[in-house]
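Participant: Quick one: the structure is below, questions incoming.
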Amino acid sequence: MVRRPLGQPQTQSSRAAPTNQPRAKRSRARRVDTLRVRIGRLRGQYRQVPLKAIAFDWGHTLMDERRDEHIPLDTRPVYVMPGVVEVVPRLTLPLAVWANTRVASEAAVRRWLDRAGLGLLFQWVITSVDAGVRKPAPGFFQYALARCGLTNDDVLFVGNQLNSDIAGGEAFGIRTVWLSAPAHRSLDDGPGNARPTYTIDTLHTLPALVQRLQAS
């Protein structure tokens, strides 16, 4: 069978099969090709949905969670991840924090954001403590979207962990951005089969990605 790029329409030559190919095999091949074309079309439509908001994970996406981690959050010195101060204020879409926390509620995270000079930039703060469930569980994303008044098509979710942020967002049909640089690795990150919609090294690349998505 002649292979072609995903989503490319069939041509007469690509439909043709060797005469000695078993009929059942040719039928399976046609079904696979049809499915690939449909997936390609759906992916194209998915990318063209305009964004209404950007959500960020918290630990090691916005906040350096390793430094002085033994100090209580309210008195811990503020350390932000690379690109946060330069990039986040440039984003014009409404912003949210979607955080897995162990004891910190929305109020505690907002106090940290205020001390970091970022509080006014975030319209919503969602924590697993308030949601009653942690990423990647679907219940977290259902709660977060409901609180934000958004649908899964509306949001671009930026996170650093494949096993929670990306896996959970992908399973819930949310476009995801994975921060792949070594500086963003968390101690509780782990391997998995999650496939981010987009991959960037650091937040410095995010504004260009958002601009491209909004223009497509």
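Every number here is computed from the coordinates shown, using simple stated rules; none is lab data. In this text, all values refer to a predicted model and were calculated from it rather than measured experimentally.
Participant: Roughly how many whole Å is it from the C-alpha centroid of the range 143-216 to that of the range 96-118?
Facilitator: So the two Cα centres are separated by 18 Å.
Participant: In bins 5 Å wide, starting from 0, what share of all Cα pairs of the range 53-215 does each bin hold, as a percent?
Facilitator: Answer for the range 53-215: a P(r) of 2, 9, 20, 25, 23, 16, 5, 1, 0 percent.
Participant: Find the eigenvalues of the gyration tensor of the Cα atoms of the range 142-208, then list the square roots of 5 times those eigenvalues as equivalent ellipsoid semi-axes, largest first, in whole angstrom.
Facilitator: They are 20, 15, 10 Å, listed largest first.
Participant: Quote to one decimal, in nm, the extra length available between R67 and R102 on full extension: 0.36 nm per residue of separation minus the C-alpha distance between them.
Facilitator: Gain on extension, R67 to R102, equals 10.9 nm.
Participant: A further question follows. Which whole-Hz couplings ³J(HN,Hα) result when phi for each residue of the range 124-137 is put into the Karplus expression 6.51 cos²θ - 1.76 cosθ + 1.60, θ = phi - 60°, listed in order with x for Gly and Pro?
Facilitator: Running phi through 6.51 cos²θ - 1.76 cosθ + 1.60 with θ = phi - 60° gives 10, 10, 10, 10, 5, 4, 6, 6, x, 7, 9, 4, x, 4 Hz.
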